[in-house]
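What follows is one structure encoded as structure tokens, with my remarks underneath.
The numbers here are math on the coordinates, done by the rules we state, and not lab data. Note that the structure is a prediction, hence the values are computed from the model and not measured. Cβ coordinates were reconstructed from backbone atoms using ideal geometry, including for glycine residues, and neighbour counts include every protein chain displayed.
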């Protein structure tokens, strides 16, 4: 019987395999950031251990960093300590660090691909659940906890129960690909399979609806695999993948011979079997807006906020969850999504802060001003994205529309830095999580695509971007 | 890591589904660089109001559940962020057993690295435990939960069970396979980053 892409990558990384026990898997790339690593480095010190493969490890600071003027000192002392701790740890253990002043600094899941560090067929880990992003390149990319960060630093391996392969086929063609985006595809998937629909699995996204997407759009899809509960998400590499990585700063010297080998090996066999399947038809899907407190609580922009009964399909636990979500979000069932007024707009995060995202959003706002009661910001995913956008003049389009144009980082996706919502503020956000308090205690988050966020900024409420000319 | 002993305690019922790690330990408390001291921030936004007064309707503020070591919750517990701080907070607060119908993968794996036992049980049994007011016993060795009226067996991976019972450090275990790792590296064709 044939094998899935995931199984092929898995099998080529087995170091130790035993019956009724997890498998020891080799890790090709380890990405490190300031929040989930200090305790891991401490563990190494306490046990007199070294980093086994500093040459397979890179670090940057992204979660905590201010997105305001980088020449000013960091006011938050605890953030400052965490950032300095990462600098010291990288120096002590010989790890390459893209520090806060580096032109390569940025969200770790944005810079990995941009620098050519992310490669097809590799295993990649990071102490961050959105590591799944790198799966867009046909890598097995896993988010891990701090104990596993320490384990990988020490041994370049980790013990893992083998997840099950899950096929999600995305069929059809979007009528307006500028208005209905990769974000709307992945939110539609999560709306259908639920936030635990992928638990224990590695999703392989397949079909015309996926191969049609650019690499940056594929990253948006794989990024949110974790929001469906999956261990990872991946997409088989193709010419778009190979073209994207060619000639980047850290692309390997023997790249073309690697490409030849990837073309031959990195695909799911025709007779391979998945343990779970789901098909999404995208010909008629609408832009999506989340209304609740997890990414599964999402509906079409043309819908109204559902009632807990409609949402829960008879499951009393889900019903109570929906009631609580509506209460937290201060929303009433039956309210049309387009009537929901917003206070803030955040265009950023490892989900949607790449160059294409900013280009698409800029088309919506060009020559316009944001609504007078809205505060809006753009936080590019990396300093390189920021620079490229500025070379195209996108910064001016955003600034002229009264957006704030910031330095790169995770920013208001999780609000570990000063970029947070105040209690009761409602935000159209291009990030990945609408959990209670995620963007600031008492803040209300609606997940949307970059074009939907930009349109909401202009109008002060959600609007259907399919009615705009975005070509 | 300390070895996992038999736990005898009342149950704290947290009757919610999809409890995410942002709720277990909100982001403003992730800036500490050590593993201790997170317990006071556990479920912070559910425990305290904006003036940091205790919210009387939240279960952890009910004095009946003080000193409980067993948390029982709904489906998909620990979803979202990979932050291990969530497990450190639960453990530091005093919970060493979490029972739920299902767990998110990364959280589940993080538990075992810290001596916390996550038990997956059938929805109906979890619902019964949510109502349990008596002292219960969790016996990992025999994979059994004893309530005043019932005995419930549970499944656990034999490797994970051994790790918990013996309090093993899995990095030391892995180092026993040092020759295998070296062997793998010799045949690997994946280039270094630098």
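In µm²/s, what is D for the stretch A:256-295 at 25 °C and 0.890 mPa s, where D = kT/(6 pi eta Rh) by Stokes-Einstein and Rh is the Kirkwood radius from Cα pairs? Mind dumping the intermediate values first?
Working: Rh = 14.9 Å.
For the chosen part, D equals 165 µm²/s.
Grab the alpha carbons of the stretch A:116-222, take their convex hull, and tell me the volume per residue in Å³.
In the stretch A:116-222, the Cα convex hull volume per residue is 110 Å³.
Assign one of three labels to the stretch A:349-413, namely rounded, prolate or oblate, based on the Cα gyration tensor with a ≥ b ≥ c the square roots of its eigenvalues; rounded applies when a/c is under 1.5, prolate when it is not and a/b is larger than b/c, and oblate otherwise.
oblate
Once the Cα gyration tensor of the stretch A:298-442 is diagonalised, what are the square roots of 5 times its eigenvalues, in whole Å and ordered largest first, as equivalent ellipsoid semi-axes? Present the calculation step by step, with values, prior to reporting the outcome.
On the way: eigenvalues 193, 53, 37 Å².
Whole-Å semi-axes of the equivalent ellipsoid: 31, 16, 14.
Can you give the average number of partner chain beta-carbon atoms within 10 Å of each beta-carbon in peptide B:103-116, as a whole number?
Mean shielding count: 5.
Any chance you could list the semi-axes, whole Å, largest first, of the equivalent ellipsoid that the Cα gyration tensor gives for the stretch A:1-129, using √(5λ)?
Values: eigenvalues 196, 68, 28 Å².
Equivalent ellipsoid of the stretch A:1-129: 31, 18, 12 Å, largest first.
Taking 7 Å along the Cα-to-C-beta vector as the label spot, tell me the residue A:310-residue A:102 distance in nanometres, rounded to one decimal.
Placing both labels 7 Å beyond Cα along the Cβ direction yields 4.8 nm.
Could you order peptides B:86-94, A:317-325, A:462-470 by the average number of other Cβ atoms within 10 Å of their residues, highest first?
Highest-to-lowest ranking by the protection proxy: B:86-94, A:317-325, A:462-470.
On average, how many beta carbons from a partner chain sit within 10 Å of the beta carbon of a residue in B:78-90?
Across B:78-90, the average partner-chain Cβ count within 10 Å equals 6.
Most exposed first by the Cβ proxy, i.e. fewest other Cβ within 10 Å, how do A:218, A:406 rank?
The fewest-first ordering by Cβ neighbours comes to A:406, A:218.
How high is the FRET efficiency from residue B:144 to residue A:14, r the C-beta distance, R0 60 Å, rounded to 0.05?
Here the calculated transfer efficiency is 0.95.
Roughly how tilted is helix B:178-187, in degrees to the nearest 10 and between 0 and 90, from the longest Cα axis of chain B?
The helix B:178-187 is inclined about 60 degrees to chain B.
How far apart, in nanometres, would the label points at residue B:54 and residue A:208 be if each is projected 7 angstrom from Cα along the Cα-to-Cβ direction?
Each label point lies 7 Å from its Cα, and together they span 6.2 nm.
How shielded is A:315-321 by partner chains, expressed as the average number of their Cβ atoms within 10 Å of its Cβ atoms?
4
Could you line up B:159, A:205 from fewest to most neighbouring Cβ atoms inside 10 Å?
With the fewest neighbours first, B:159, A:205 line up as B:159, A:205.
For chain A, just list the percent of Cα-Cα distances falling in each 20 Å bin from zero outward, please.
25, 59, 16, 0
Using 7 Å Cα-to-Cβ label points, what is the residue B:151/residue B:123 separation (nm, one decimal)?
Simple spin-label model gives 2.8 nm for this pair.
Provide the FRET efficiency to the nearest 0.05 for the residue A:175-residue A:366 pair, computing r from the beta carbons and using R0 = 25 Å.
On the way: r = 23 Å, r/R0 = 0.91.
For R0 = 25 Å, the calculated efficiency reads 0.65.
Which of the peptides B:9-18, A:445-454, A:249-258 is most tightly packed, and how do the rest follow, going by the mean number of other Cβ atoms within 10 Å of each residue? Before the final figure, lay out the partial values.
On the way: B:9-18: 20.9, A:445-454: 29.9, A:249-258: 14.2.
Going by the mean number of other Cβ atoms within 10 Å, highest first, we get A:445-454, B:9-18, A:249-258.
Give the distance, in whole Å, between the Cα centre of the stretch B:12-49 and the Cα centre of the stretch A:444-471.
Going from one Cα centre to the other spans 33 Å.
Would you list A:32, A:81 from fewest to most Cβ contacts within 10 Å?
Lowest count first: A:81, A:32.
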